[in-house]
């Protein structure tokens with residue numbers, strides 16, 4: 001049950017933290033209706049307007065409504081893995097746990113390979129967490145390097 005709750009929390013947190021909306025920053029009727037306004041309320045109502053009417057999807061498809069698909073999507077939020085870094089470090093030290101499973105799922109590790117993931121992470125705790133000041137980016141880079149070096153886990157890293 002904890003795994004499901006953790007997964008849902010991570011998914012919902014990540015879905016609201018985009019820096020540039022799909023279709024561009026001026027895409028949709030909601031942006032037209034609230035043009036020039038700022039603040040949380042205006043952004044929420046504009047987003048709801050765009051989402052419920054589907055006009056931004058139509059605009060991206062047709063190139064109308066101020067929408068474009070030529071820009072690069074960006075993400076300005078905190079990574080999902082970094083949000084559970086403390087719990088993950090404890091699970092890596094123990095060799096098992098919900099945060100370990102969650103990180104494996106984030107990386108797309110299939111159920112039959114999660115024991116290998118846990119073993120590789122546990123055996124390389126000092127590589128992943130060389131000191132208490134390790135950043136989330138450094139931790140993730142170490143995880144990915146360890147996965148690339150493992151025959152079973154390398155298929156999950158592009």
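Annotations
- Residue list for segment 94-124, restricted to those being modelled with pLDDT of 95 or more, within 17 Å of residue 140 (Cα to Cα) and surrounded by fewer than 14 Cβ atoms within 10 Å (Cβ to Cβ): 123
- Checking each residue in segment 1-37 for being at pLDDT 75 or above and exposed (fewer than 11 other Cβ atoms within 10 Å of the Cβ) picks out only 36.
The values are calculated or read from the model by the stated rules, or taken from the named source; none is laboratory data. Since we're looking at a predicted model, the values are computed, not measured. Note that we place each Cβ from the backbone using ideal geometry, even for glycine, and neighbour counts take in every protein chain shown.
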